[in-house]
Amino acid sequence: MTAPQSAEMVAKLVSFDTTSRDSNLALIEYVADYLDGMGIASDLTYDDDKRKANLFATIGNKDIGGVVLSGHTDVVPVDGQDWTSDPFKVVERDGHLFGRGVADMKSFVAVALALTPSFIERAKSGRLATPIHLAFSYDEEIGCIGVRRLIADLQRRDIKPRACIVGEPTLMKPIAGHKGKLSSRCHVHGFECHSSLSHMGVNAVEAAAEVVAYLKGMARRFRDQGPYDPELSPSYTTVHTGKINGGTALNIVPKDCSFDFEFRHLPSENPHELMAEVRRFAETRLLPEMKAVHAASGFEWHELSNSAGLSTGTDEAVAQLVMQLTGANSTGKVSFGTEGGLFQKAGIPTMVCGPGSIEQAHKPDEFIALDQIVQCEAFMGRLLDRLAA
């Protein structure tokens, strides 16, 4: 098939290695220069070290609420993955583009940028009644970090978009809901001694194991008792412990142990209440016995990430808009998280819809079908027609 008009922009964006551990400034500065060349100013919000930035730009009247096209610029690492081509150089094979980020989610960003000249032409001719906002963030892959500053900046400047479309890969299907995620680290402080005198120590590993076992019990409870949302898979809140470290030698009662765990919760669930339940167990069932042996024993809890779930009603204007633009008769839900929940939490009605499949994300030889990019271009064209005066 004929290459989509956005293909060159996809290749350009993929050529920037924006792995989350590294800077995304080269890509952001390229986009800012690209927009500036067409007379569009960009507002950047930086991280504390000025190594990363979000970009926000408006095409059309800045004084009225517009539609946000939102995407993240960071990608996951390629370390240890068996790629058959350079991950940061797009290769076309059999109707697909291969490269890190082509699905998750630089193709959506590329389509929005490639069609920007059309957006500008409509705006200059006075035929863009509703402005289009471009919102590109950093560090989505490690906890939706950058977009929080972008949203806070919009609130500070009293910019109130009427809708947001997050272009995560959904095969161009309208997505109205997804789970949220709260991840935490628990550090257990015990008291070390010789293992032959274990009654004189506080075993941090065993205390951690009891909390992990309690988390597993919570996971079973959600699995067996719900609540459930049949549109999600799995249909219930999941609880997972993914990392644990503690102890120094078998004959030493361990002084320290830490473990990382997460809740991937239904939008209706309050993850902080779930976290409070875990802490109550540790601090009422375990802590008194630990402190009876050593007063300095205890638990430290650190939040690692917190991303809100998304729940948009099908009768909401943004859902109706995206359904009409895609030709779909209904909306769906996904279990992976996006920045959409944070936009919604900030009072911006939000849907998720973008090219490519999440099944290709984070894998070696990540790819996107050219047809998906073509569909996204058509989606953007129909959006432009809808926003015309």
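Pick from 177, 146: which is more than 26 Å from residue 53 (Cα to Cα), buried (at least 22 other Cβ atoms within 10 Å of the Cβ) and in contact (Cβ under 8 Å) with a residue 40 or more places away in the chain? Selected residue: 177, the only one of 177, 146 that is more than 26 Å from residue 53 (Cα to Cα), buried (at least 22 other Cβ atoms within 10 Å of the Cβ) and in contact (Cβ under 8 Å) with a residue 40 or more places away in the chain. Checking each residue in segment 42-86 for being surrounded by 16 or more Cβ atoms within 10 Å (Cβ to Cβ) and of a type in the set (A, V, I, L, M) picks out 44, 53, 55, 57, 59, 67, 68, 69, 75, 76, 78. Does segment 119-140 contain at least one residue that is touching a His at 6+ places or on another chain (Cβ under 6 Å), in the same structural domain as residue 363 (by TED's automatic domain parsing), crowded, with 21+ Cβ neighbours inside 10 Å and closer than 20 Å to residue 44 by Cβ? For segment 119-140, residues touching a His at 6+ places or on another chain (Cβ under 6 Å), in the same structural domain as residue 363 (by TED's automatic domain parsing), crowded, with 21+ Cβ neighbours inside 10 Å and closer than 20 Å to residue 44 by Cβ: present.
If you go through segment 229-259 and keep only what is surrounded by fewer than 16 Cβ atoms within 10 Å (Cβ to Cβ), in contact with a helix residue (DSSP H, G or I) (Cβ under 9 Å, 6 or more places away or on another chain) and part of a loop (DSSP other than H, G, I, E, B), you end up with 234, 249, 250, 251. Within segment 168-194, the set of residues being acidic (Asp, Glu) and either closer than 26 Å to residue 205 by Cα or assigned by TED's automatic domain parsing to the domain that holds residue 245 (or both) comprises 192 only. Tally time: how many residues in segment 47-84 are closer than 23 Å to residue 169 by Cβ, assigned to a loop (DSSP other than H, G, I, E, B) and touching a residue at least 24 places away in the same chain (Cβ under 8 Å)? Number satisfying all stated conditions: 10. If the condition is being of a type in the set (S, T, N, Q), more than 19 Å from the chain's Cα centre (by Cα) and in a loop (DSSP other than H, G, I, E, B), then segment 1-46 contributes 2, 5, 6, 15. Going through (1) modelled with pLDDT of 95 or more; (2) surrounded by fewer than 19 Cβ atoms within 10 Å (Cβ to Cβ); (3) not charged (D, E, K, R) one by one, residue 3 falls short only on (1). Of the set (1) buried (at least 21 other Cβ atoms within 10 Å of the Cβ); (2) touching a His at 6+ places or on another chain (Cβ under 7 Å); (3) within 27 Å of residue 203 (Cα to Cα), all apply to residue 271 but (3).
Is segment 368-381 home to any residue that is without any contact (Cβ under 8 Å) to a residue 12 or more places away in the chain and closer than 30 Å to residue 93 by Cβ? Looking through segment 368-381, at least one residue is without any contact (Cβ under 8 Å) to a residue 12 or more places away in the chain and closer than 30 Å to residue 93 by Cβ.
The values are calculated or read from the model by the stated rules, or taken from the named source; none is laboratory data. Computed from a prediction, not measured in an experiment: that's the story for all the values here. Ideal geometry is used to build each Cβ from the backbone, glycine not excepted, and the neighbour counts take in all protein chains shown.
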